[in-house]
Structures are given as C-alpha cells and as structure tokens.
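Student: I'd like to ask some things about the structure below.
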Amino acid sequence: LSGLDPAQPYFQGTPTEVRLDKSDADFVDIIHTDSAPTIPNLGFGITPAIGHIDFYPNGGKQMPGCGKNPVSQIVDLDGIWEGTRDFVACNHLRSYKYYSDSIIYPDGFLGYPCASYDLFQAGNCFPCPEEGCPNMGHYADKFKDKIKKDVLKLYLNTGEARDFPLWRYKVTVTLSGKSKVKGYVNVALYGSGGNTKQYQITKGTLKPDNTYTAYIDAEVNVGKVTKVKFLWNNNWINPTLPKLGAATITVEVGQNR
C-alpha cells in the first residue's frame, strides 16, 4: 500500500485506526511531499513516519519547482487547469507525479536512510548501506524483506520538473599546479548510460595538492563511468596565466558504492 502524501489535517496525531498506518497492509510505503505544519504553512501532508518505510524527497516540505511565481505556474506546460491546481497544492500533488515517474525509472529515486535531511545534504548518509537503498514509488516493495528498523526514514533529491529522478554521486578532486588561485572547479561525468552537465565541486581559493569533495544529484544515471571532464576558471584575466590540473578525480556511486 503506497501513501501519496497522506493527509495531515484531521489525521495527524490521531489513533492508528483513524489514519493510514503500517498495520493497514503487509507493506506500507509513504511519500511525504507537503509535510510543513498546516498553520501557518498550509502543509496538507502528514509529518511523522507512519509506514514501514517513509520517503522524504527534498526534505518532505518544499518541492523544487513549486516556488515559481503564480503566473508562470498557472499557465503551465500541462495547461491552465493543471497549472491552477498545482499553484494551490503543488507540493501535495508532487507525490503522484514522483510515483508515476518511478514506474518508468526502476533504478531511480533511491532513498538514503538518514536521521535528517540536513545530514543527508551534507553527505553523512552516503553511500547506500550494504543492503542497498529502496526505490521511492512503484518499486519500493522490492525492499520489503530488507527492513531492519521499526522506523525507516529515507531522503533523496528530485528535479524541478519531469523527468524527476536524480542519481547521487560523490566526486572528490585533488588539484595539481604550482600556485594557489581563486576561482571554481567544475566536473562532468560521462558513462555508458549517458553524460551529465557540469557540476560545481568547489569555489573560492584553489590550492594545488588540496582535495575538494562535493555530492552531486545528476539528472542521468551515467552507468559505468568512462570519462570525467574537469574544468576550472578564475573568472577574470590573470596576466600570469596560472595553470591548474586534476591530479586525481574519484567518483563514488551511491547505489552500489
């Protein structure tokens, strides 16, 4: 039984007989997309973990792409009716859009077990544990026999618009060169499943022999990594023409470590 942002008003804090609960089916998975408090935030979705596994995409409160200005949102690509409805309850309705996307992407929407969204964002809960990560949505039940805890809260990020799934990578870059410069470092991943755009790994003072790490949520599952593109820029013309390179770049895949 999949709960798509189960309702908060009149249900949160009530006895289990009244609301959706893990006792309602052999396996209950929940997607929380609008779990901010009803007052003053108008959150429609329930906050506590109530299933066997509970997914909190983007932290579970504010979904990317739902903060657009009202006019651009109402005159939506999917038409005015869809846009108007999304304007009123955009976060709440993201749950079924993630679910429908999950049917097409059996390898997408990996939920990382974590104590909080902030810790997940900081990379503390990366990569997936030995038993792997469950997939939010249609294929969540593949994880049914691997659950070891009473409460399993799972975090992930999604895109702003269809297609929603993102794949998480840890990218570590060690720089080489002769002198430190200011600027930024970008990396793009190429693989058997496709290529990503460039992602910023660090910006500010760049020191040779220093190591910089970033967690990126890529819009494509690159599969087996075949190439990494490294680019650095110092944003302005430097007459000394400083040179920087990458001594090593390490890519760790969340899914299979």
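The values are calculated or read from the model by the stated rules, or taken from the named source; none is laboratory data. Because the structure is predicted, anything quoted here is derived from the model rather than measured. Note: ideal-geometry Cβ built from the backbone for every residue, glycine included; neighbour counts use all protein chains shown. For the accessible areas, the whole protein counts, side chains as well, though only heavy atoms, and no ligand, DNA or RNA atoms are used. Shrake-Rupley method; radii C 1.70, N 1.55, O 1.52, S 1.80 Å.
Student: Just report the Cα centroid separation between the stretch 196-257 and the stretch 119-178, whole Å.
Tutor: Computed from Cα coordinates, the inter-centre distance equals 20 Å.
Student: Rounded to the nearest whole Å², what accessible area per residue is found for the chain with the 1.4 Å probe?
Tutor: 52 Å²
Student: Among 29-35, 226-232, how do they line up by average Cβ neighbours within 10 Å per residue, starting with the highest?
Tutor: Top of the packing list down: 29-35, 226-232.
Student: Using the alpha-carbon atoms, what tilt in degrees (0 to 90, nearest 10) does helix 80-104 show relative to the longest principal axis of the chain?
Tutor: Computed tilt is about 80 degrees.
Student: Further question: Near LYS144, which aspartates and glutamates are there with a Cα under 13 Å away, not counting those fewer than 8 places off in the same chain?
Tutor: ASP26, ASP29, ASP54, GLU131
Student: Mind listing the long-range amide H neighbours of ARG168? Cut-off is under 5 Å, sequence gap 5 or more, other chains count too, H placed in the peptide plane at 1.01 Å from N.
Tutor: HN-HN under 5 Å from ARG168: ALA218, GLY254.
Student: Sticking with this one: Leaving ligands, DNA and RNA out of it, report the carbon-plus-sulfur percent of the accessible area of the chain at a 1.4 Å probe.
Tutor: Ligands and nucleic acids excluded, carbon and sulfur reach 54 percent.
Student: HN-Hα J couplings of the stretch 241-251 from phi, Karplus 6.51/-1.76/1.60, θ = phi - 60°, integer Hz, Gly and Pro as x?
Tutor: 6, x, 10, 9, x, 9, 5, 9, 10, 10, 10
Student: Past 18 Å, Cα to Cα: identify those pairs from LYS170/LYS243; LYS22/LYS153; LYS22/LYS146; LYS197/LYS224, in the order given. Write out the running numbers ahead of the final one.
Tutor: On the way: LYS170/LYS243 25 Å; LYS22/LYS153 14 Å; LYS22/LYS146 16 Å; LYS197/LYS224 16 Å.
From LYS170/LYS243; LYS22/LYS153; LYS22/LYS146; LYS197/LYS224, over 18 Å: LYS170/LYS243.
Student: Additional query: Please report Rg over Rh for the stretch 167-253, where both radii come from the alpha carbon positions and Rh follows the Kirkwood definition.
Tutor: Working: Rg = 13.3 Å, Rh = 13.3 Å.
Rg divided by Rh gives 1.00.
Student: Could you quote the convex hull projected area for the chain, Cα atoms only and averaged over all directions, in nm²?
Tutor: That works out to 16.4 nm².
Student: Another question about this same structure. Can you tell me the mean projection area, over all orientations, of the convex hull of the stretch 79-178's alpha carbons? Units nm², please.
Tutor: Result: 9.9 nm².
Student: Go through VAL185, VAL225, VAL253 and list them by solvent-accessible area, largest first, probe radius 1.4 Å.
Tutor: The residues order as VAL225, VAL253, VAL185, largest area first.
Student: So which aspartates and glutamates can LYS207 reach, going by Cα to Cα under 12 Å and dropping same-chain residues fewer than 8 places off?
Tutor: Reachable aspartates and glutamates: none.
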